[in-house]
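Enquirer: Please see the structure below; I have some questions.
The values are calculated or read from the model by the stated rules, or taken from the named source; none is laboratory data. As the structure is a prediction and not an experimental result, all values here were calculated from the model. Counting neighbours? That spans all protein chains shown, and the Cβs are built from the backbone with ideal geometry, glycine included.
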Amino acid sequence: MNERLLNIDGIKLCSEHFGKPGAPVILLIMSAQSSLIWWEDEFCQRLADAGRFVIRYDHRDVGRSTTYEPGQPGYTFEDMADDAVRVLDAYKVEQAHIVGMSMGGMLTQMVALRHPERVLTVTLLATSNFAPHLPPMEEKIMDFFSNMGMIDWTNEESVIQFAIERSRLLVGSKHVFDEENVKSLAKKEFARSDNSASMSNHALVSGGESYLVRTKEINVPTLIIHGTEDPIIPYEHGENLAKEIPGSALLTLSGTGHELHYDDWNLIMDAILKHTSTEA
């Protein structure tokens, strides 16, 4: 992997890339309150070894990218969608395959609508267009996140424990929860974060509504991947995207929660590689 600190339009965006320049580009966009490290190194490297140039990056307010005062995000979801294009610009990439998870999947939809000329395909993992008729997240998740104000963001152990308990809630019944791996990733994230407390700003970001009602206008090949036991964005959201987006394909992960679990990687990566192939 190779790290780059990108300074664009007065914003710092931290990115890393895997693979050889010139290969088809996959841009990975992670979920809310999560830095680029949650696209695990092995996951990225395996995609690169299969002939892709893989880019992952920190959103604003996580990792090493620009942070804002907690409680005062100085940007909108439209700005965050444009950040993805800023990363492509910095790498001099005209078009890319965009893969987004959860909030990253919402941003991916927005990129496809705001900047269609930059998008070859989209892959939407555990995400939604949040249509009003769809079921809400489970109450246990709302209860958990309502207690974020109790976390001491300056204390490594406190932040790591938050990440462990968050991930434990999101795992589906099909998988064994790998606490040691989550602990290792959370420890790495804390060490490289400029201001861990700022990640809570993602819950306060506004915007995006005018694009999410236009999901059916996405006109690039679309792959939707969703677990049947997702407690944050229930499976019905994935089914709805598959109905809304013309010609889209739905890959169902039975027994999977709101997670990118190692045991699902082969299935997910095979689907992404096929989807991003010129022969697809």
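Enquirer: Checking Thr127 against (1) touching a helix residue (DSSP H, G or I) at 6+ places or on another chain (Cβ under 8 Å); (2) more than 15 Å from Ser31 (Cα to Cα); (3) in contact (Cβ under 8 Å) with a residue 40 or more places away in the chain, which test does it fail?
Expert: The number of the failed condition is (2).
Enquirer: When only residues in segment 232-246 that are farther than 15 Å from Thr256 by Cα and touching a strand residue (DSSP E or B) at 6+ places or on another chain (Cβ under 6 Å) count, which is surrounded by the fewest Cβ atoms within 10 Å (Cβ to Cβ)?
Expert: Ala242
Enquirer: Scan segment 256-276 residue by residue and report those that are under 18 Å from Pro221 (Cβ atoms), assigned to a helix (DSSP H, G or I) and of a type outside the set (Lys, Arg).
Expert: Of everything in segment 256-276, those that are under 18 Å from Pro221 (Cβ atoms), assigned to a helix (DSSP H, G or I) and of a type outside the set (Lys, Arg) turn out to be Ile268, Met269, Asp270, Ala271, Ile272, Leu273, His275.
Enquirer: If you don't mind, there's one more thing I want to ask. Please work out which one of (1) over 19 Å from the mean Cα position of the chain (by Cα); (2) modelled with pLDDT under 95 is the condition Ser200 fails and give its number.
Expert: Here Ser200 meets the rest and fails (1).
Enquirer: Which one is farthest from Leu273 (Cα to Cα), of the residues in segment 9-43 that are part of a strand (DSSP E or B) and of a type in the set (A, V, I, L, M)?
Expert: By that ranking, first place goes to Ile11.
Enquirer: Quick one: is Gly51 at positive phi, assigned to a loop (DSSP other than H, G, I, E, B) and more than 15 Å from the chain's Cα centre (by Cα)?
Expert: yes
Enquirer: Condition first: surrounded by fewer than 14 Cβ atoms within 10 Å (Cβ to Cβ) and closer than 23 Å to Leu113 by Cβ. Can you find one or more residues in segment 155-170 that meet it?
Expert: So far as segment 155-170 goes, no, none of its residues is surrounded by fewer than 14 Cβ atoms within 10 Å (Cβ to Cβ) and closer than 23 Å to Leu113 by Cβ.
Enquirer: For residues that are charged (D, E, K, R) and part of a loop (DSSP other than H, G, I, E, B), scanning just segment 65-122, find the one that is surrounded by the most Cβ atoms within 10 Å (Cβ to Cβ).
Expert: The qualifying residue surrounded by the most Cβ atoms within 10 Å (Cβ to Cβ) is Glu69.
Enquirer: Name the helices (runs of 4 or more DSSP H) wholly within segment 155-255 that hold at least 1 residues that are over 21 Å from Trp39 (Cβ atoms) and of a type in the set (Phe, Trp, Tyr)?
Expert: The helices (runs of 4 or more DSSP H) meeting that bar are 209-212, 235-244.
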